Structures are given as C-alpha cells and as structure tokens.
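What follows draws every value from the coordinates through simple rules; no lab data is involved. Note that the structure is predicted; figures quoted are calculated from it, not measured. When we count neighbours, we look across all protein chains shown, and the Cβ atoms used for this are built from the backbone with ideal geometry, even at glycine.
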Amino acid sequence: MQLSSLLCGTGNGFIVLLSVSLLILSSFIKTVSASLFDDVLQALESLVDCASCHAALVPLQTLAFQGDDAFDTVFIEICDALQLEDPDVCQGTFTSIGPIIAHDLRSISVTGETAGRLCDALFGFCSSNVSTPFTVPLPPPKASAPTPSGPPSKRREPFQVVHISDVHIDRQYTVGAEANCTKNICCRNFPDQAGHNITEPAEPNGNHNCDSPTSLADSMLEVVNDINPKFIIFTGDVVEGATWLVDQPEVTNDLEDFNAQLLLKVKTRIFPSLGTDSAPVNAFARKTSMTANDSQWVFDTQAAGWEQWIGRQGSEEVQHDSGSYAAPVPGTNLVILSINTQYWYKQNFWLYDSDEFQPDPNGILAFMVDQLQAAENAGQKAWIIGHIPLGKEDTMEDQSNYYDQVLQRYKDTIVGHFFGHSHKDQFEIAYSNYEEQTAANAVSVALIGPALTPTSGNPAFKVYDVDPDTFGVMNMRVIFTNTSDPSFQIEPKWELFYDARQTYGPLVGLPDNSELTPAFWHNLTEVFERNDTAFQLYNTFLTRGVLVVPCDEDCKATTICDQRAFRSENNCDTPTGGAVSIGRRDIDDASSLPLKEDDECEGSRIRSLLLEMRAKAQGR
C-alpha cells in the first residue's frame, strides 16, 4: 500500500499510519528514558569526590532540560527499581523536591561555586567549611557605649521561661495503626498498608517510630500552663515527618491547628519562630528566584495566627520580612527577635538556583541589624530565637559567618540565643577569637531545645530561670515524660529529668550568684575532655535517656568541637562525602551506615535516597 493512499484514504489507512507512528514514538520515548536511566546511574556510580560530583551534574543537567516530568520520572524509576523505599515515598519525594533541583540545574553552571554547594547539599561532596569573604554592613558602636557591668551583688527573684520545640504533630496519628512500618514515620493508615496484619498497634500517646499524636501535645501544654511561665518561646517545626505527602493545604491546616491548640491550652504569651514548615518541606524560595513559587502563604498564615501574641507590628513584620519579627516582652526591657533561618539551610533547595553571590537572602541579616540597633539605641536587651542553630553542618557557612559578625557587634545587647531543629538537648559557644577558644574569649552561647516528637528520644521541653534585670539564664531544667513508664499510654507523667545548675555546677565550681554564662559552658567542655563519666552523662541527656547512641573517644572529640562552634565553619562535622543516611528499612544493617543529623530529623529524604542510589550503583 502506498503512503499516498494511506494518507488520502478514508479512515482505516490513516488509523493504521497513526498507530504505527505512535508505536514508533512510544519505542523512541522508552529508548530515551532507558538511556537517561542509565546515564543517571552511571553518574551516581562515578561519584567519589568533588570533581566527579561536578562532572556528574552534567548528565543531570541534561536530564533537567528534558523537563520536570522527565527528571522526576527517571529518579522515581531508579528508586523503585532499586527498592530503596515504598513506591509512594519514591513517588512523593521526587515529584515534590525533584522540580526544584531540576530548576536549579537549568539555572546554574555545573562548574561554578553554586554547583559545588549543590553537590554538598545532595551528596556531601565539595564541603570545605570555608565561608565566602563578606563584611556585613554594621553601624559603628557608640563612642560613649558603657563598659558592661559585672553581675549584680544582689539578684532579684528570677522568672521562668519555657522553651518548646519540634512538636511535629501528626494529625493523622491513628490508635491501632501499624507502629512498626517500613516508612520513616508510622502510626497512621497509609493506603498501601490497608489489609496488612498489624504487628505492633499504635497506642494513644505515642511511639518512637511515630511523630506526636495530638494527645501528647495536649499533655505537654497542660503541664507548661501549670508552670505558669512569664512567657514561652517556640523554636519551630509543627508538621509531621511524612514529607513525601506534605502539601500546602496540609501545612496551612497544621499551622492553624497548632496555633489554636496553643491558644486553648496555654494562658501566657508565646513568642514563636518559623521552622521547616512549607510545601515541599524546607522549600522557601528567595525573592530573587525566577519562579512563581514563594512562601508568602506561610508568612500570611503565621502573621494572622501569631498576632495575638506578638502584636500588630510584629505580625506585619512576619508578612513583609520573610517570617522574621521583633516584639517586646511586656513589663520588661527585653526584646524577642525571631528570625527565619530557612534561608540559611542547606536542605532548602531553592538556594541553589543562581550563580549570583547572595550574602543575605531575603534580607534576614539586615533585618537583624536594624532591630538590634534599635534595641541598643533604646537601652534594651535582646533574645534571638530561631529554628536552625548556626553551628550545625547543615547550615550555610556563609550566613553562619555573617551572623557571627552581627553577634560580635551586638554582643552586649544580645543576652541569649535559642534554637531547635536537632531534636537534642545541646549548646553551642561563640568566641571572640575562634583560633583561641578559652573561657575568657567565650562571648555568647546558643541553647538548643529538645523535641516533643518521640522519634528522637523521650519527649521534653526546657524551663529557664531568668534574671529580671540582666535577662541572663540562671538555671536550665529539662522536663520530660518517660515513654517506657507503664502509665505513659494512660496519662504521660511529666517530671524533672535534670537540673543544669545542680548537675553541672559542681563540676565547674559555679558560684551561687552566677548565671550560666558562655564561660561556664566553655569550662564544662573542658570538664568533658578530662572526665569521661561527666561527658557520657551529657551524651545520655541528648535524647533524654532513651535511644542513646554510644559515643567513643573520636565521637567525644567531635562532640566537644561542635559544642565550641557557634559558626558552622568551625564544627567538626564536614562529611567525608557520600555518607549514607539510613531509613527505617536499614535499621538492622545500620552499623556500617553513618547517620547524618540533617536527614535524620527533618530533611526531605531526597539526600539519603540519592546516596542510597549511589551506594547501590557502586555495588554496595
């Protein structure tokens, strides 16, 4: 049959030609898809150092130019083929985060500095712990600025402040659902588990494999209300850890529900900060990003929800200053400065879509300087609260360094830093000279709050005793509930886990009239160096006495190094490259797979999936 008759014939010939054409096109698409599949696997297999990571970005960039759907599809197929996760996790993770990474790759040079930072964020290669030189514009100190006075000879009665963090409330937590599932959080009715036999039914108040049920949050807030603190600080993270399912309606509902829960259960003022709560998780696009995506809906939601606590001006700042605000504590000379640290977080993949050097994404540092200068002019003191501590490996070295410049300039105005994110009870010390880390050079300290979610230890929060004149912390107590207590599933019992002054004070000879100063915390690190019993007690405190990870001498040295690193460039956590994060399906085989904190708590899972792909591709 001639081609002309096929084209000109009435019906059947044209249909035959169309069918043949579609078969050819389908075969071509499958061939291209298979080729891209192989190219990506070969790129992952080649990853051994920074140079090979830059080289591997070339085929990934080629794939990105095929479009978001093609980019996502190839990685979903690899994830499924290698059985790295349940299919819904593979699908949801790459369809949510994949388009952002594809956008990055289409927007940058694969040989540039931004590509190196993307390699660090995705694979742990190219991390140098070196910040890009930049001087933050800072007003000069007043020539007549008074010399800071010593502690008062007689202190007034301290007031109490409660610090809560990382609640991660799972509104779909279901009593009786599987608590020992194959995903990173359990205790909910996942569609792919319907009809499965339940091996460990979820109980009413939580499980270490699951994020917080509403009942657990209610229990904590009732105890916090009984303490009757002067105010509460909340250092972020509301949404549960099923990150592959998170969308804008869910995040909005979760934020609004927790704000309502706080209002119902707690009768005191609350000063909150933003965590990683967005959709996709961690995704906060810069104002300079050439994309329709933005996070204004998060800021609008929280501006409305927080206004009752931070006032109209603070609410407007949340809306217009990317989630940051400053608000006075009524009846005091203290200002709370809440900053959105997401623009400094390595797992916020919108930060890699330009080769242009951007030292202050969304002007967060400039906002800090303006507010701290206003406080200095007014003779006020400031507490800074935020989600991600500045010394962590998953914090951008640049912004951590620039934050430190602000800290050094306003060290007499800033009297406290409070963060969450790690889910652990930790601290980080800032020094006037990081080359000479001594008690005399310790100028500030960040106190990091433990989490409510049971996934990282026994649920807990902190209570600070605060001097009403200096606003320095006189004492710190950790209040926890023991999940192994027989009464926990009936009614969680909240009690003192430890008292920092009683536990650590005698180890360093802390005077009765002294605050827990930066020098105190530095001296404690020196005690840890020579007293392993004291250090192992601290290691137990990290997770509140459960899920304790053994810490040998190398681990101890790294931990103390990190305690002395309020700048991320000074920590000792620089990845070797390609370190694999483990998921729940890997627990039995975990001895050879180092667990990375950034993925363990609230990463999107995409980093660990990519590293597991690399490991499988290399035949491990």
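Count charges around E529 for me, please; just the other residues with Cβ under 15 Å from its Cβ, Lys/Arg as +1, Asp/Glu as -1.
Summing Lys/Arg as +1 and Asp/Glu as -1 gives -3.
Skipping prolines and chain starts, which residues have an amide H placed within reach, meaning under 5 Å, of the one on V445, given they are 5 or more residues away or on another chain?
Hits under the 5 Å cutoff: H417, A430.
For each of C50, C119, count neighbouring Cβ atoms within 10 Å of the residue's Cβ, then give the residues from fewest to most.
Going from least to most buried by this count: C50, C119.
Mind sorting out which of (i) 180; (ii) 200; (iii) 251 is the real volume of the Cα convex hull per residue in Å³ computed from the coordinates?
Matching entry in (i) 180; (ii) 200; (iii) 251: (i).
Which value in Å is the Kirkwood Rh of segment 349-426 over different Cα pairs?
Its Kirkwood hydrodynamic radius stands at 13.9 Å.
Work out, step by step, the length gained on full extension between S484 and T252: first 0.36 nm times the residue separation, then minus their alpha carbon distance; give nm to one decimal.
Fully extending the segment from S484 to T252 adds 80.2 nm.
For q = 0.09, 0.10, 0.19 Å⁻¹, what log10 I(q)/I(0) does segment 308-441 give under the Debye formula with an equal point scatterer on each alpha carbon and no solvent?
Result of the Debye calculation: -0.28, -0.34, -1.22.
So, with +1 on the Cβ of K and R and -1 on the Cβ of D and E, and no other charges, what is the size of the charge dipole of segment 161-309 about its Cα centre, to the nearest 20 debye?
So the dipole magnitude of segment 161-309 works out to roughly 440 debye.
Dividing the Cα radius of gyration by the Kirkwood radius, what Rg/Rh value follows for segment 190-258?
1.04
How many nm is it between the label spots at L82 and F134, if each spot is 7 Å from the Cα in line with the beta carbon?
Distance between label points: 3.3 nm.
Can you compute the FRET efficiency between E316 and N180 using 1/(1 + (r/R0)^6), with r the Cβ-Cβ distance and R0 = 60 Å? Round to the nearest 0.05.
0.80
By how many nm would the segment from L496 to E529 lengthen if fully extended, with 0.36 nm per residue of separation less the alpha-carbon distance?
9.2 nm
Below 8 Å, C-alpha to C-alpha, sequence gap of six or more: please give me the relative contact order for segment 157-215 in percent.
39
Where does the chain land at 222 nm, in deg cm²/dmol rounded to the nearest 500, when only DSSP H runs of n ≥ 4 count, each adding -39500 (n - 2.57), divided by all residues?
-13000 deg cm²/dmol
How big is segment 329-388 in terms of Cα radius of gyration and Dmax, in angstroms?
14.5, 47
Normalised by the number of residues in the chain, what is the relative contact order in percent for Cα pairs under 8 Å and 6+ residues apart?
Averaging sequence separation for qualifying contacts and normalising by length gives 17 percent for the chain.
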